[in-house]
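So the structure is just underneath, and the comments pick up after that.
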Amino acid sequence: MDGTKRADIRPGLHVQIVLKQDQRSGKLTSGVVKDILTNSPRHPHGIKVRLSDGQVGRVKVIEAGGEGYE
């Protein structure tokens with residue numbers, strides 16, 4: 001699943017995001033969603049989230065298994 005639909009994303013989910021500084025390279029960062037920052041139901045580049053460690057980026061991949069332990 002990609003991260004373009006807000007309804008697919010919820011706090012506690014394991015995701016891979018692209019950070020602002022990594023947009024050119026496409027490098028992904030894994031983490032657990034803490035907050036959803038995008039208000040619209042869809043975004044073509046991915047829903048913006050804050051991870052539990054404070055990093056902010058757009059969701060590119062929702063990891064299988066999904067639920068976090070934090």
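Given +1 at the Cβ of Lys and Arg, -1 at the Cβ of Asp and Glu and no other charges, the dipole of the chain around its Cα centre is 380 debye to the nearest 20. When each of the peptides 4-14, 49-59, 34-44 is scored by how many other beta carbons lie within 10 Å of its residues on average, the order from highest to lowest is 49-59, 4-14, 34-44. Accessible area per residue for the chain, computed on protein heavy atoms with a 1.4 Å probe, is 63 Å². With contacts taken as Cα pairs under 8 Å at a separation of at least 6 residues, the chain carries a relative contact order of 43 percent.
Across the accessible surface of the chain, with the other protein chains kept in place and a 1.4 Å probe, carbon and sulfur atoms take up 49 percent.
The values are calculated or read from the model by the stated rules, or taken from the named source; none is laboratory data. Treat the numbers as computed from the prediction; the structure is a model and nothing was measured. Here Cβ is always computed from backbone atoms with ideal geometry, including for glycine, and neighbour counts include all displayed protein chains. What goes into the accessible areas is simple: the full protein's heavy atoms, side chains included, and nothing from ligands, DNA or RNA. Shrake-Rupley method; radii C 1.70, N 1.55, O 1.52, S 1.80 Å.
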